[in-house]
1. Can you work out ³J(HN,Hα) from phi for every residue in segment 78-85, in order, using Karplus 6.51 cos²θ - 1.76 cosθ + 1.60 and θ = phi - 60°, giving whole Hz and x for Gly and Pro?
2. Quick one: Karplus J couplings for segment 5-17, per residue in order, coefficients 6.51, -1.76, 1.60, θ = phi - 60°, nearest Hz, x for Gly and Pro?
3. Each residue of segment 215-220 in order: what ³J(HN,Hα) in whole Hz does its phi give by Karplus 6.51 cos²θ - 1.76 cosθ + 1.60, θ = phi - 60°, with x for Gly and Pro?
4. Would you mind telling me which residue in ALA32, ALA116, ALA145 has the biggest mean-square fluctuation in a Gaussian network model of the chain, where springs connect alpha carbons within a distance under 10 angstrom?
5. Can you list the residues, at least 5 places off or on another chain, whose amide H is less than 5 Å from the amide H of ALA219, using H built in the peptide plane?
6. For ASP85 and ASP29, FRET efficiency with R0 = 25 Å and r from the beta-carbon atoms, rounded to 0.05?
7. Considering amide H positions built from the backbone, and no H for Pro or chain starts, which residues 5 or more places from VAL93, or on another chain, come under 5 Å of its amide H?
8. How much length is gained if the chain between THR170 and ASP77 is pulled fully straight, taking 0.36 nm per residue apart and subtracting their Cα-Cα distance, in nm to one decimal?
Amino acid sequence: MKPLLAGNWKMNGLSASVNEVEKLIGMFDGSAPDDVDILICPPATLVGLFATEFSDEGIAIGGQDCHRKASGAHTGDISAEMLADAGAAFVIVGHSERRADHGETDAVVCAKAEAAQRAGMTAIICVGETESERKAGREKDVVGAQLSGSIPRQAENYVIAYEPVWAIGTGMTPTIEDIAAMHDFIRDRTRKDVRILYGGSVKPGNAREILAVQNVNGALVGGASLKAEDFAAIIKAAL
Ligand code: 13P
């Protein structure tokens, strides 16, 4: 399976950030490598600009969230159709920051993944346990329940991102054995052609080891995707 290296920029980036992506492309001699899929999910304000600038350069662009409906009276929200219209091919749904900050339940996440599909995009469905859930040995129960609740019944195009909440932005990661065990667990519960990404403190220094794990089919990278050098090193670790 072709690895997917995805950068989640979260609430970071201004129009001048075009330069950072140009720098990234420059690190691959001006064209993205064919052996990996590269995705950048900038804030919604930059999706249209980035899609225009970079779609022809082998970098896919994605949103970080979408509303479940196509249009309507939902001030401040953005629909999957709008993201697709702006040039997005992917959208992240159910990131733990949205589950925590906006009270998104599995049912809401599932509806958003359906919306992505309706708009012709690939949903990146995020799952992952908290620190207390892992300490209690409940990580597989939690992730199993999130998978059953968040993946649409008629799902076609989707990606799973396993992001342990306690590993996001902390510099901590599960052991390689724990990553392997969770990805095998997820593989047993998803189709064989679905990519399963690992996310949570992926850095140039640990990317090669993590990406070599069976059933790790790429990474969802936060902080380290904001810097061209770091994201390029992570991408190279998958080649
Ligand atoms: P960090 O790579 O900054 O830990 O963030 C991971 C993440 O949340 C990606 O969606």
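1. Karplus values, whole Hz, x for Gly and Pro: 10, 8, 4, 4, 5, 5, 4, 5.
2. 9, 10, x, 9, 7, 6, 8, 9, x, 10, 4, 5, 5
3. Whole-Hz 3J(HN,Hα) from phi for segment 215-220: 6, 9, 10, x, 9, 10.
4. ALA145
5. LEU4, LEU5, ALA6, TYR198
6. Efficiency for this residue pair is about 0.20.
7. Amide H to amide H, under 5 Å and 5 or more residues apart or across chains, VAL93 pairs with ILE124, ILE125, CYS126.
8. Gain on extension, THR170 to ASP77, equals 30.6 nm.
The values are calculated or read from the model by the stated rules, or taken from the named source; none is laboratory data. It should be emphasised that the depicted structure is a prediction, and the values quoted were computed from it without experimental measurement. When we count neighbours, we look across all protein chains shown, and the Cβ atoms used for this are built from the backbone with ideal geometry, even at glycine. For the accessible areas, the whole protein counts, side chains as well, though only heavy atoms, and no ligand, DNA or RNA atoms are used. Shrake-Rupley method; radii C 1.70, N 1.55, O 1.52, S 1.80 Å.
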